[in-house]
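Working notes, beginning with the structure itself.
FYI, it's all coordinate maths here, none of it is from the lab. Not measured: the values here are computed from a predicted model. Neighbour counts are summed over all protein chains in view; Cβ atoms, including those assigned to glycine, are modelled from backbone coordinates with ideal geometry.
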Amino acid sequence: MKEVKIESKLSVFDDFNELPPDVAKLMENAIEARHNAYAPYSKFLVGAAILLDNGEVVTGNNQENASYPSGLCAERTAIYYAGAKFPNAKILKMALTAGSQIQTTKTPIPPCGACRQAIAEYEFKQDDPIEIYFMGETGKVVKSDSLANLLPLGFDKSFL
Ligand code: THU
């Protein structure tokens with residue numbers, strides 16, 4: 001038996017103002033999308049913005065439903081729309097922001113496990129890493145150079 005250590009590397013920006021200009025712009029798109037989220041049940045609003053290699057920006061937000069499991073997270077709303085509208089474009093960057101209507105969210109909110117799996121599918125498909133930036137409403141912004149950092153031991157089509 002031997003132990004295997006898995007390491008992930010993340011970068012942390014002190015706040016929004018430290019972001020490179022193109023990422024700050026993408027995060028602004030995500031913030032705008034967050035404000036349009038439909039989250040009457042959880043009151044937890046999430047926005048996502050995706051930059052494609054054709055220059056297009058696709059946004060999405062969480063869409064809830066009275067039948068709770070029928071709702072969808074912001075990340076999947078955005079990435080499935082990108083896949084549907086621009087099937088041949090590569091995803092370069094993804095900016096995510098989340099905030100509750102009940103209290104100000106100051107810590108970076110990472111994508112949920114199901115969304116990580118969905119993003120992983122596109123990273124495998126395009127065979128190029130997707131940069132992911134995530135934050136709350138204010139405060140630090142975390143950057144991952146690739147989805148793989150957020151989902152070690154991921155399941156992909158090579159196992160099928
Ligand atoms: N949510 C997202 O949109 N993305 C995530 O990664 C985590 C959770 C949404 C789903 C639901 O509408 C609300 O946040 C509370 O879970």
| query | What are the residues in region 42-69 that are hydrophobic (A, V, I, L, M, F, W, C) and part of a loop (DSSP other than H, G, I, E, B), if any? | reply | 66
| Filter region 130-145 for residues that are crowded, with 21+ Cβ neighbours inside 10 Å and of a type in the set (A, V, I, L, M); which is nearest to residue 83 (Cα to Cα)? | 130
| said: Being surrounded by 15 or more Cβ atoms within 10 Å (Cβ to Cβ) and not hydroxyl-bearing (Ser, Thr, Tyr) is the filter here; which residues of region 101-113 pass it? | reply: 108, 109, 110, 111
| task | Quick one: count up the residues across region 146-157 that are surrounded by 15 or more Cβ atoms within 10 Å (Cβ to Cβ), in a helix (DSSP H, G or I) and not aliphatic (A, V, I, L, M). | result | 1
| query | Is one or more of the residues making up region 70-91 charged (D, E, K, R), within 25 Å of residue 103 (Cα to Cα) and either part of a loop (DSSP other than H, G, I, E, B) or touching a Phe, Trp or Tyr at 6+ places or on another chain (Cβ under 7 Å) (or both)? | reply | no
| Residue that is nearest to the chain's Cα centre (by Cα) [pool: residues in region 133-145 that are closer than 16 Å to residue 104 by Cβ and part of a loop (DSSP other than H, G, I, E, B)] | 136
| request: Could you please find all residues in region 1-56 being β-branched (Val, Ile, Thr), touching a residue at least 24 places away in the same chain (Cβ under 8 Å) and under 22 Å from residue 148 (Cα atoms)? | output: 6, 12, 23, 46, 50
| Residues of region 71-100 satisfying the condition of being polar (S, T, N, Q) and either surrounded by 15 or more Cβ atoms within 10 Å (Cβ to Cβ) or within 11 Å of the ligand (Cβ to nearest atom) (or both) | 77, 97, 100
| Do we find that residue 98 is among the hydrophobic types (A, V, I, L, M, F, W, C) and in contact (Cβ under 8 Å) with a residue 60 or more places away in the chain in this structure? | yes
| request: Scan region 101-125 residue by residue and report those that are under 20 Å from residue 43 (Cβ atoms), within 14 Å of the ligand (Cβ to nearest atom) and β-branched (Val, Ile, Thr). | output: 102, 105, 107, 109
